[in-house]
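Novice: This is the structure, below, for whatever I ask next.
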Amino acid sequence: MNKSLLKGMNSLIKDLGNYDYISRVRYVIFLVSKVLYDCKANGFRILDENFHSYKSTPYFLTDKENIFNEYEYFNLGIYEAEERIFNLIASGRRNFDLNNFRPARLYEALLTSRERKNLGQVYTPADIIDQMLSQLFEIKGIDKNTKILDPSCGGGYFLIESFKKIKNDLKEEVNDKYIIENMIYGIDIDDFSIFLTKAGILFAGSCSDVHFNIFNLDYLTDSFKLNNFDIIVGNPPYVGHKNTSMEYKKALYKKYPEVFYDKADISYCFFKRSMDILESDGMISFITSRYFMEALYADRMRAYLKNNFDIISIVDFSGNKVFKDAMVSPTLITLSNKGGNKNSFSYVKFYEDNTKEKFLYSQEKLKDAGWTILKDEDEQLFNRIESVSNTCISELCTIKQGIITGLDKAFIVDENAIEKYEFESNLLRKWIKNSSISKSGIKYNNLYLLYTNMIDCEQSYPHTIKYLSSFKQKLQNRRECVKGYRKWYELQWGRIRSDFENPKVVFPFKSRGNNFYYDVNEYFCSADVYLMNNFTEKIQLNYFLSYLNSDIFEFYFKCLAKKVGNNIYEYYPNKLSSAKIFLPQENSLQNISDLGKISIEIFLKKVFNISEEEVNNIIYKYVYKG
């Protein structure tokens, strides 16, 4: 889209200040689509007239099925706005390819990144859509009886591209109207997404008097009679448990117990719902969050997929960015409803430098506890380390999360604030965050926590209470204060003070690699930091710390860990606690407790019988390449 056209549309959106932002954007999209569809039906010659003449000419067919009549409620009816849009399009007509105009692309361009995030609307790149559909059409094959569904159609990209591919592949057998009315189906919970999908298909096709099978429904909870689909494809919404109402979660718990419980993602339900309406030889292909392969509350989902489908392929982007302005790390998974043959599937893994490796992996080897999918030589090394390791980390220490203040802006202060407000000194504690920690030390940024859980009487701490009073309304609105569990000035989750004041191992919750550091300086830490303490007597701390920071343990743990970004891993307690290490006999442990970085690697190479070739070709790849 031409930048001057976008600038003009954004200017109009800004000038429509009496309406909410989303309504303004949708109105502009509606007007642009309406004028351009007039041009598609009648030619750009209609733009040669002035707006008044255009407005008074009934270019559209008078059929009641016209989508611009159906979605007239997006029209705010502002004459001046319609005239500005008409003139913008007239002046920039050379920039429009009407057969390839996609209203959803314009919607993407006009929405701010903040609004896209708030709406939860993430649109799939064209090359990914083409990759998914090409695979499905090649494996499944299509004919005039094929039925394709996108259960969360959004801007309609999957259905538009399906329409184009069908039209190309079956050009001698079907026409546009037949494809739209008999072969492609869509569902979305958002009515504007339905409009975008229908409009996009109309621009891609050559008919107007057509009945769409695009429905404004909740795919997971609404009842509908659609079934027997040959292909179900799309990009299910990424909605975590924190962004889902309890009422809605209860409905999903009841309807999808096979895959959904506790803190599971609602995208898991899309797989179960799709299975229910799929043909016996049908296929599903979704681009979805990769977290289901390792997440704690995805064990039912993993079991369901393994036991009910033949997995055809998994493309794991492994944290590489695919979606614009989206933090989700995606994967493509393609499934066949042939029923548990458990053949080997194709697995493609991308690395940080955008290189990739591809290999076959046996479906039977997938474990419900987590899908650790490795090349043969990587898997052999991992299994060797796993089998020789003899002690779970949970047997050696406890792992705890850092402090949740509930409002860092109130409780975290710097030295200037301390001097200005004269906080009572016995409340101040040195404060560190995730980014402060490395295996070689802690980078302290001179921040302090007001540890207000020590306040037994407000009158005894007048300076701190006076300072916090400016945040009182926000502090009182914290969940624990509303429920009466906390006093307004207390930390939301202050934890046990002695856990921070005593020596401990601290490590970042999310990190590019293993960064465990032994802290003796009584740092208090935020919720994105975890700590280990309560060490058993059978472990020498120097050995344990060297082991945790070794390249060999980093390789081992990254095979298990949940990857959440571009070479970013999650060091979550459930994974770390169940990870195993090799603990030597007590009489030999004393002799190796002071091992440094180089020595620990030499020692562990001997323990696990690791060759230099495995270090260079396997371990190096995980530790330094991602």
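Please treat every number below as a calculation from the coordinates, not as lab data. Source: prediction; values computed, not measured. Here the Cβ is made from the backbone with ideal geometry for all residues, glycine too, and neighbour counts use every protein chain on show.
Novice: Run the numbers for N307 and E480: contour at 0.36 nm per residue of separation, minus the present Cα-Cα distance, in nm.
Specialist: This chain segment gains 58.1 nm when fully extended.
Novice: Can you run phi through the Karplus equation (6.51, -1.76, 1.60; θ = phi - 60°) for the stretch 370-377 and list ³J(HN,Hα) in whole Hz, with x for Gly and Pro?
Specialist: Using θ = phi - 60°, the values come out as x, 8, 9, 9, 10, 4, 3, 5 Hz.
Novice: Can you tell me the order of 462-471, 306-315, 548-557 when each peptide is scored by its average per-residue count of other Cβ atoms within 10 angstrom, highest first?
Specialist: 548-557, 306-315, 462-471
Novice: Using only Cα atoms, tell me the angle between helix 79-91 and the longest principal axis of the chain; keep it within 0 to 90° and round to the nearest 10.
Specialist: Rounded to the nearest ten degrees, it is 90.
Novice: Nearest 500 deg cm²/dmol is fine: what mean residue ellipticity at 222 nm does the chain get from its DSSP H runs of n ≥ 4 alone, each adding -39,500 (n - 2.57), divided by its residue count?
Specialist: -10500 deg cm²/dmol
Novice: Which FRET efficiency value, to the nearest 0.05, do you get for N445 and S206 by plugging their Cβ-Cβ distance into 1/(1 + (r/R0)^6) with R0 = 60 Å?
Specialist: It comes to 0.45.
Novice: Next question. Order the peptides 438-444, 613-619, 565-571 from the highest to the lowest mean number of other Cβ atoms within 10 Å of their residues.
Specialist: Numbers: 438-444: 13.3, 613-619: 15.9, 565-571: 19.4.
Those peptides, ordered most packed to least, come out 565-571, 613-619, 438-444.
Novice: Below 8 Å between Cα atoms, with a sequence gap of 6+, how large is the relative contact order for the chain in percent?
Specialist: 10 percent
Novice: Related question: Given H placed 1.01 Å from N in the peptide plane, which residues other than close sequence neighbours of S438 have an amide H under 5 Å from its amide H?
Specialist: K443
Novice: If you line up the long axis of helix 299-308 against the longest principal axis of the chain, both from Cα atoms, how many degrees apart are they, to the nearest 10?
Specialist: Tilt relative to the chain: about 50 degrees.
Novice: Place a point 7 Å from Cα of K55 in the direction of its Cβ. Which residues in the stretch 23-37 have their backbone N less than 18 Å from it?
Specialist: Of the residues in the stretch 23-37, 27-36 have backbone N under 18 Å from the label point off K55.
Novice: Test of understanding: extend the Cα→C-beta vector of I189 to 7 Å, then name every residue of the stretch 148-172 with backbone N under 14 Å from that spot.
Specialist: 151-154
Novice: By how many nm would the segment from D368 to E395 lengthen if fully extended, with 0.36 nm per residue of separation less the alpha-carbon distance?
Specialist: Details: separation 27, 0.36 × 27 = 9.72 nm, distance 2.29 nm.
Length difference between fully extended and current span is 7.4 nm.
Novice: Right, another one. Holding the Cα-Cα limit at 19 Å, pick out from K400/K504; K349/K625; K144/K167; K263/K575; K263/K321 the pairs that are longer than that. All intermediate terms of the calculation are to be shown ahead of the outcome.
Specialist: Details: K400/K504 11 Å; K349/K625 12 Å; K144/K167 10 Å; K263/K575 16 Å; K263/K321 25 Å.
Exceeds cut-off: K263/K321.
Novice: Starting from the Cα of W493, move 7 Å in the Cα-to-Cβ direction to define the label point; list residues of the stretch 259-278 whose amide nitrogen is under 19 Å from there.
Specialist: So the set is 262-265.
Novice: What nm value, rounded to one decimal, do you get for the distance between A109 and D353 when each label is placed 7 Å out toward the C-beta?
Specialist: 3.6 nm
Novice: Okay, moving on. How tilted is helix 597-607 with respect to the longest principal axis of the chain? Cα atoms for both, answer in degrees (0 to 90, nearest 10).
Specialist: Around 90 degrees separate the two axes.
Novice: Right, next: Taking θ = phi - 60°, what integer Hz values does the Karplus form 6.51 cos²θ - 1.76 cosθ + 1.60 yield along the stretch 250-259, in sequence order, with x for Gly and Pro?
Specialist: 4, 5, 6, 4, 6, 8, 10, x, 5, 10
Novice: Still on this model: With each pseudo-label sitting 7 Å past Cα toward Cβ, what's the E424-K225 distance in nm, one decimal?
Specialist: In this crude spin-label approximation the distance works out to 7.2 nm.
Novice: Decide, for the stretch 262-322, between rounded, prolate and oblate: order the square roots of the alpha carbon gyration tensor eigenvalues as a ≥ b ≥ c, take rounded if a/c falls under 1.5, and otherwise choose prolate if a/b is larger than b/c, else oblate.
Specialist: Because a/c hits 1.5 or more and a/b fails to exceed b/c, the stretch 262-322 counts as oblate.
Novice: Another question about this same structure. Express in nm, to one decimal, how much length is gained between A41 and N168 on full extension, taking 0.36 nm for each residue of separation and deducting their alpha carbon distance. Before the final figure, lay out each step's value.
Specialist: Values: separation 127, 0.36 × 127 = 45.72 nm, distance 2.20 nm.
43.5 nm is the gain from fully extending A41 to N168.
Novice: How much of the DSSP beta bridge set in the chain is antiparallel, as a percent to the nearest 5? Please list the in-between numbers first.
Specialist: Working: 48 of 68 bridges.
Within the chain, antiparallel bridges account for around 70 percent of the total.
Novice: Taking a ≥ b ≥ c as the square roots of the eigenvalues of the Cα gyration tensor of the stretch 244-391, is the shape rounded (a/c under 1.5), prolate (a/b larger than b/c) or oblate?
Specialist: rounded
Novice: Now, a different point. Ordered by residue, what ³J(HN,Hα) values in Hz, to whole numbers, does the stretch 33-43 give under the Karplus form 6.51 cos²θ - 1.76 cosθ + 1.60, where θ = phi - 60° and Gly and Pro are x?
Specialist: Whole-Hz 3J(HN,Hα) from phi for the stretch 33-43: 4, 5, 5, 5, 6, 4, 5, 5, 7, 10, x.
Novice: Can you sort C207, C39 so the residue with the fewest Cβ neighbours within 10 Å comes first?
Specialist: C207, C39
Novice: Follow-up question, since we're still on this one. Obtain the nm distance between the two label points defined at N99 and F535 by a simple spin-label model: each point lies 7 Å from its Cα along the Cα-to-C-beta direction.
Specialist: Here the modelled spin labels are 7.1 nm apart.
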